[in-house]
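Structure first, commentary second.
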Amino acid sequence: GFAGAAMPRVCDRPRQPNEQPCPLDPYVILPEKCKYVDQQTWKLQESPEMVPTGEMPRSVMLTVDRRLVDRANPGDRVTVTGIMSILSQQGGRSEDKKVAIRTPYLQVLGVRHGFEARTADGESLSEFSQQEEEEFRELARDPKILDRLKMSISPAIFGSDDVKHALACLLFSGSRKELADGARLRGDVNVLLLGDPS
């Protein structure tokens, strides 16, 4: 990722008699003894056909390294798997030095060309068998499907039905709408959870 190496702030070795205390930040990096890896920064942008009329495509910053470098070219359509992380930076102006600017980015673990999802064995996840389609239809006809979904989210946590309801809606999102004038509306569901961290 973009974060640097975490250096210990203090030394942890036991002090000897009459020895001076270890100063703060006693460790330094020796560049000539470091091992370096290839790294690239990508910008992943929403596909144009998914963007509603009159809106700008959304994007997220990615970091790739080692064998994933140069796996894609600008304009390629890819599906990435990664870990969402936060990059904290200080403000540029002197009065903003005490304010941390947090930028989300994705540490990429895998890159696949195209949008079709596949299993580890190469089987398509976007094409379902006749039996799977029938099971989906049976679930759709269930009047208590929302309750089943809520119970499937963190079943070890009792209560918080409203939170689980919101998370279920977030996972399944809504339906994209195309208006008569050709405009498109996103079907995304946005959820803001606030609570006591304790």
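Only the coordinates and a few stated rules stand behind these numbers; no lab work does. No experiment lies behind these values; they were computed from the predicted model shown.
Under a 5 Å amide H cut-off, with hydrogens placed 1.01 Å from N, Ile153 pairs with nothing among residues at least 5 apart or on other chains. Using the Karplus relation 6.51 cos²θ - 1.76 cosθ + 1.60 with θ = phi - 60°, the per-residue 3J(HN,Hα) values for the range 71-87 come to 7, 9, 10, x, x, 5, 9, 9, 10, 10, 10, x, 10, 6, 10, 10, 9 Hz, with x marking Gly and Pro.
Summarising the amide proton neighbourhood of Val78: residues at separation of 5 or more, or on other chains, whose placed amide H is nearer than 5 Å comprise Gly114. Could you list which residues have their amide H under 5 Å from that of Val189, counting only those 5 or more apart in sequence or on another chain, with H placed in the peptide plane? Residues meeting the amide H criterion: Gly174.
When a/c is below 1.5 the answer is rounded, else prolate if a/b is larger than b/c, else oblate, so apply that to the range 20-76 with a ≥ b ≥ c taken from the square roots of the Cα gyration tensor eigenvalues. Don't skip to the end; give the middle numbers.
Numbers: a/c = 7.37, a/b = 2.30, b/c = 3.20.
It is oblate, given that a/c is not under 1.5 and a/b is not larger than b/c.
Working note: Karplus 6.51/-1.76/1.60 with θ = phi - 60° gives the range 177-189 the couplings 10, 10, 7, 5, 7, x, 6, 10, 10, 5, x, 5, 10 Hz, where Gly and Pro are set to x.
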